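Engineer: Here it is, the structure, as C-alpha cells.
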Amino acid sequence: MASRELPVDLPVLAPTSEQAFGLYVHVPFCITRCGYCDFNTYTPAELGGVNPDGWLQALGAELELAAARLDGPTVDTVFVGGGTPSLLGGARLTTLLNMVRDHFTLAPGAEITTEANPESTWPEFFEAIREAGYTRVSLGMQSVVPRLLGVLDRVHTPNRSAAAAREALELGFEHVSLDLIYGTPGESDEDLLRSVDTAIETGVDHVSAYALVVEEGTAMARRVRSGELAPPDDDVLAHRYELLDERLSAAGLAWYEVSNWSRPGGECRHNLGYWDGGQWWGAGPGAHSYVGATRWWNVKHPNAYAKLLADGALPVADYEQLGADALHTEEVLLQIRLRQGLPLIRLDDAERGRAEAAVADGLLVSDGDSLILTDRGRLLADAVVRTVLG
C-alpha cells in the first residue's frame, strides 16, 4: 500500500494555554478478540509478520517523522491505547515513553496514560510503568459478573479488575480508571449495580461507562442476527444509565462528559483535549490525527505500517481538510457532551433559536453563557445535537 503524503500546508503547531496538544499511541495487539470489539486490533494468528519489537521500532520512526513535521510542539498528554498495551510489559512501555521524550518535549505535569487489561498486569508491571513516568492507568473491567464477561468474550476473571485497580493505587498511581459496559444481553439491574459498586469500592478516581453497541462485522453482531442474543433495548439502556449515574454521583464521582465520571481532579485530560478542541498526533497502525484543520489516519495493518516507515514514509492511508461547516458541527457535537456545556457564542441566531426549543423541552439548560445537558438531555444527547444544528 502506498502512503498518501500529507498536504504541505499542514501548520506548524504553536501550542497555547487554551489549546492542548496530545499524543496518542495505538498498540494493535490482543491475545483474543472480544466479540463486541471492532477496534483495529490483531491476535497473534492474524499478524504473520510484525511482532511487538518490530512494531516498537516502526513507532520510533513515526515519532521521529512526526516531530520533524510538527517542529516539536510541547506535549500536554500522552495516551497509549489499543488493543492491549499492557501486553507490551513494563520494559517496552518504558522504551515507548523514552522514545516520546527523545522526540518531543513533555509539558510540566504532563498526563501520561496507558490502558491495560487486568489479566496482563501485576504489581511489578505497575511499579515499572510508574517509575518510567506514567501517571494514569485505565483498566478494562466491563463487568464483574462471570456470565456477562462470557457473553462479551472477555478473558479476565471477575475479581482481577478490582484487584489490579487496588494494586495500581497502592503502588502510587493517583489516577486510576475503570471501564464498564452496560446493556449486555442477559444483564439485570442488580448485575450492573454489582459492577458499579465494585468499581467504587476500589477507590479509583475515574469510571467510564459505555452502552453496549453491536457493531457490524463483529462476532456479537452475528450472534444477534442469528437470534442467539437479544439486541440492546434503548429503554433498558436509558434506565441502566440512570442507575449507574445515581450510584456514581452518590459516591462522589460526578459526570464531566456524558459517559465519564470522576472525583475532583480525576478527569482524563487527554480525552478532554479531544472533546474541547485540542489537537493531537495519532501514532501507530490505524491511528487518527488532527492538526489545524487537517485530519488523517494511518494504514491499519501493522505489517503495512512497518513497511512504509522502513521506506522512510509517513504511514498515512488518507486525509481530509475540514471546512468551517464541518469544524462547527464537530464543535457542537463534542462540547455539548461536556458538563461545562457549549458556549452560546459558538451558535448563530438560528441555532440559538432551536436551542431554546430544546431548553423548553427540558433537554438543555442555559446559565447565560453556555448550554448544558440536563439529566434527561444526556440520555438524548445525539438528538439534542441534531435539533440545535437543524
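Engineer: Do we find a residue being in contact with a helix residue (DSSP H, G or I) (Cβ under 6 Å, 6 or more places away or on another chain) and of a type in the set (Phe, Trp, Tyr) anywhere in the range 179-193?
Structural biologist: Checked against the condition, which is being in contact with a helix residue (DSSP H, G or I) (Cβ under 6 Å, 6 or more places away or on another chain) and of a type in the set (Phe, Trp, Tyr), the range 179-193 yields at least one hit.
Engineer: Name the pairs whose Cβ atoms lie under 7 Å apart, with the first residue in the range 291-312 and over 30 Å from Ala20 (Cβ atoms), the second among the small types (Gly, Ala, Ser), and 6 or more positions between them or separate chains?
Structural biologist: Here the result reads Asn303/Gly49, each pair linking the range 291-312 to a residue that is among the small types (Gly, Ala, Ser).
Engineer: Okay, moving on. How many of the residues making up the range 105-130 are in contact with a helix residue (DSSP H, G or I) (Cβ under 7 Å, 6 or more places away or on another chain) and aromatic (Phe, Trp, Tyr)?
Structural biologist: Of the residues in the range 105-130, 2 are in contact with a helix residue (DSSP H, G or I) (Cβ under 7 Å, 6 or more places away or on another chain) and aromatic (Phe, Trp, Tyr).
Engineer: How do the pairs read when you match residues in the range 69-84 that are modelled with pLDDT of 90 or more and part of a strand (DSSP E or B) with residues anywhere that are surrounded by fewer than 23 Cβ atoms within 10 Å (Cβ to Cβ) and basic (Lys, Arg), using Cβ under 6 Å and keeping only pairs 6 or more apart or on different chains?
Structural biologist: Thr77/Arg269
Engineer: Looking only at the range 217-252, how many residues end up being touching a Pro at 6+ places or on another chain (Cβ under 6 Å) and exposed (fewer than 13 other Cβ atoms within 10 Å of the Cβ)?
Structural biologist: Counting residues in the range 217-252 that are touching a Pro at 6+ places or on another chain (Cβ under 6 Å) and exposed (fewer than 13 other Cβ atoms within 10 Å of the Cβ) gives 1.
Engineer: If Val214 passes every condition in (1) out of contact with any helix residue (DSSP H, G or I) (no Cβ under 7 Å at 6 or more places or on another chain); (2) open to solvent by 40 Å² or more (accessible area, probe 1.4 Å) but one, which one does it miss?
Structural biologist: (1)
Engineer: So the check is Cβ under 8 Å with 6+ separation or different chains; which pairs have a first residue in the range 253-273 that's under 20 Å from Gly81 (Cα atoms) and a second one that's part of a helix (DSSP H, G or I) and open to solvent by 40 Å² or more (accessible area, probe 1.4 Å)?
Structural biologist: What qualifies is Glu257/Leu272; Trp261/Ser249.
Engineer: Looking at Ala293, Ala317, Ala357, which is the one that is out of contact with any Leu (no Cβ under 7 Å at 6 or more places or on another chain) and under 29 Å from Gly81 (Cα atoms)?
Structural biologist: Exactly one of Ala293, Ala317, Ala357 is out of contact with any Leu (no Cβ under 7 Å at 6 or more places or on another chain) and under 29 Å from Gly81 (Cα atoms), namely Ala317.
Engineer: Within the range 253-283, work out how many residues are farther than 24 Å from Leu327 by Cα and either in contact with a His (Cβ under 8 Å, 6 or more places away or on another chain) or open to solvent by 40 Å² or more (accessible area, probe 1.4 Å) (or both).
Structural biologist: Residues flagged as farther than 24 Å from Leu327 by Cα and either in contact with a His (Cβ under 8 Å, 6 or more places away or on another chain) or open to solvent by 40 Å² or more (accessible area, probe 1.4 Å) (or both) within the range 253-283 amount to 9.
Engineer: I would also like to ask the following. Return yes or no: is Pro118 crowded, with 17+ Cβ neighbours inside 10 Å and either within 24 Å of Trp261 (Cβ to Cβ) or among the small types (Gly, Ala, Ser) (or both)?
Structural biologist: Yes; evaluated as a whole, the condition is true for this residue.
Engineer: Give me a count of the residues in the range 188-204 that are among the acidic types (Asp, Glu), in contact (Cβ under 8 Å) with a residue 40 or more places away in the chain and open to solvent by 20 Å² or more (accessible area, probe 1.4 Å).
Structural biologist: Total satisfying the criteria: 2.
Engineer: Report whether or not Asp235 is touching a strand residue (DSSP E or B) at 6+ places or on another chain (Cβ under 9 Å) and more than 30 Å from Gln57 (Cα to Cα).
Structural biologist: no
Engineer: Related question: For Ala110, state whether it is of a type in the set (A, V, I, L, M, F, W, C) and farther than 25 Å from Asp205 by Cβ.
Structural biologist: Criteria not met by Ala110.
Engineer: Surrounded by fewer than 17 Cβ atoms within 10 Å (Cβ to Cβ), in the same structural domain as Thr84 (by the TED database) and closer than 20 Å to Pro85 by Cα - does that describe any residue in the range 132-154?
Structural biologist: Yes, the range 132-154 contains a residue that is surrounded by fewer than 17 Cβ atoms within 10 Å (Cβ to Cβ), in the same structural domain as Thr84 (by the TED database) and closer than 20 Å to Pro85 by Cα.
Engineer: Looking at the range 106-138 only, could you name the residues that are among the hydroxyl-bearing types (Ser, Thr, Tyr) and at pLDDT below 95?
Structural biologist: Ser120
Engineer: Another one. Looking only at strands (runs of 3 or more DSSP E) that lie completely in the range 284-385, which have at least 1 residues being open to solvent by 60 Å² or more (accessible area, probe 1.4 Å)?
Structural biologist: Qualifying strands (runs of 3 or more DSSP E): 288-291, 294-298, 316-321, 364-366.
The values are calculated or read from the model by the stated rules, or taken from the named source; none is laboratory data. Computed from a predicted structure; not experimentally measured. A quick note on method: Cβ atoms are made from the backbone with ideal geometry, for glycine too, and the neighbour counts reach across all protein chains shown. Keep in mind that these areas ignore ligands, DNA and RNA; they rest on the heavy atoms of the full protein, side chains included. Shrake-Rupley method; radii C 1.70, N 1.55, O 1.52, S 1.80 Å.
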